[in-house]
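Undergrad: One structure follows; several queries about it will come next.
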Amino acid sequence: MVKLKDLLLENPADYVDKDIDNIELLRRKKKYDSTSVNENREIDKVYGDFEVLLKDFEKEFRSLSAQAGRANDNKADERILLKTLKKHIVPLYSMVRSWNRSSKRD
């Protein structure tokens with residue numbers, strides 16, 4: 001990932017608002033722009049895949065906890081499993097959303 005501070009260290013005069021007269025400079029700027037677009041697409045794809053996976057996991061976990069409750073006629077087991085899921089799945093969602101936002105900012 002290319003960061004602004006790295007670009008400025010390379011040659012700060014290149015990134016001042018002025019007319020672009022050097023063709024090499026123009027090519028370099030286009031390369032950096034296209035790289036960030038591709039990275040954002042890849043980040044969005046990973047984030048989307050993770051959300052789908054997490055929703056499927058949550059659905060299956062709820063189903064299995066219901067089966068566990070029916071297997072021994074004790075609803076307490078089912079409630080314990082669901083409570084644990086609710087307690088830990090929300091921070092996981094938050095962490096992934098935060099990663100997605102921070103990776104797009106960089």
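Undergrad: When both residues are 6+ apart or on different chains and their Cβ atoms are under 9 Å apart, which pairs have a first residue that lies in region 84-101 and is under 22 Å from Asp44 (Cβ atoms), and a second that is among the small types (Gly, Ala, Ser)?
TA: Within 9 Å, no pair qualifies.
Undergrad: Something else now. Does Arg101 satisfy being modelled with pLDDT under 90 and assigned to a helix (DSSP H, G or I)?
TA: yes
Undergrad: Can you tell me which residue in region 80-106 is farthest from the chain's Cα centre (by Cα), limited to those that are among the hydrophobic types (A, V, I, L, M, F, W, C) and over 13 Å from Phe61 (Cα atoms)?
TA: This residue is Val90.
The values are calculated or read from the model by the stated rules, or taken from the named source; none is laboratory data. Here the structure is a predicted model, which means the values were calculated and not measured. Neighbour counts run over all protein chains shown; Cβ positions are idealised from the backbone, glycine included.
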